[in-house]
Number of protein chains: 2
Amino acid sequence: MKYIAEINIMPQKEILDPQGKAVKLGLHNLHIDSVGDVRIGKHIRLEVEAESEDAAKTTVDTACRQLLANLIMEEYSFTLHEA
Amino acid sequence: MKYIAEINIMPQKEILDPQGKAVKLGLHNLHIDSVGDVRIGKHIRLEVEAESEDAAKTTVDTACRQLLANLIMEEYSFTLHEA
């Protein structure tokens, strides 16, 4: 079965996010003033071929831990749905 | 009221994604072979102060169009929830 994983990789709460700070400033310069904190991370969409949803989950989790996310500075979460 | 917007900005379907290609190759090199197509984009989490969910939606949409997404090469989608 084919699954699509939607992965979000964000800087951890404790980590400063200068890119987010810059975007917040940019939005305020455009007079979009109601925006508060901005955090910027990555969104990754993966196609996974797996027997079951559990197997797909394990694959995506392994991919995140081994390559996609730097767990020292980032945290990840994902959702899975059938393609 | 305070809302959190979770925005995904992805390269459009027609656009090649060399970063995604590189990640796919990297995953295969780690023997995570069941992964097919990989697309990489940005995930942005915004805090928005607004009267109503509709007002927050309008603000986030404006922010995406004016600064966050390059609509020539990227497409965006977002969800809103109360903080």
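The values are calculated or read from the model by the stated rules, or taken from the named source; none is laboratory data. This structure is a prediction, so every number in the text was calculated from the model and none was measured. Every residue, glycine among them, receives a Cβ derived from its backbone with ideal geometry; neighbour counts consider all protein chains shown.
Find the residue count for region A:44-83, including only residues that are β-branched (Val, Ile, Thr) and out of contact with any strand residue (DSSP E or B) (no Cβ under 8 Å at 6 or more places or on another chain).
Number satisfying all stated conditions: 3.
Do we find a residue being within 19 Å of the chain's Cα centre (by Cα) and surrounded by fewer than 19 Cβ atoms within 10 Å (Cβ to Cβ) anywhere in region B:29-36?
no
Sort through B:GLU6, B:GLU49, B:GLU82 and tell me the only one that's surrounded by fewer than 18 Cβ atoms within 10 Å (Cβ to Cβ), within 7 Å of chain A (Cβ to nearest Cβ) and either closer than 22 Å to A:THR59 by Cα or touching a Lys or Arg at 6+ places or on another chain (Cβ under 8 Å) (or both).
B:GLU49
Tell me yes or no: at least one residue of region A:5-15 is within 15 Å of B:LEU46 (Cα to Cα) and modelled with pLDDT under 95.
Yes: one or more hits.
Among B:LEU30, B:LEU67, which is facing chain A (nearest Cβ under 8 Å) and over 30 Å from A:THR58 (Cβ atoms)?
None of the others qualify; the one that does is B:LEU67.
Can you report the number of residues in region A:52-64 which are surrounded by 18 or more Cβ atoms within 10 Å (Cβ to Cβ) and either more than 9 Å from chain B (Cβ to nearest Cβ) or closer than 12 Å to B:LEU27 by Cα (or both)?
The total comes to 4.
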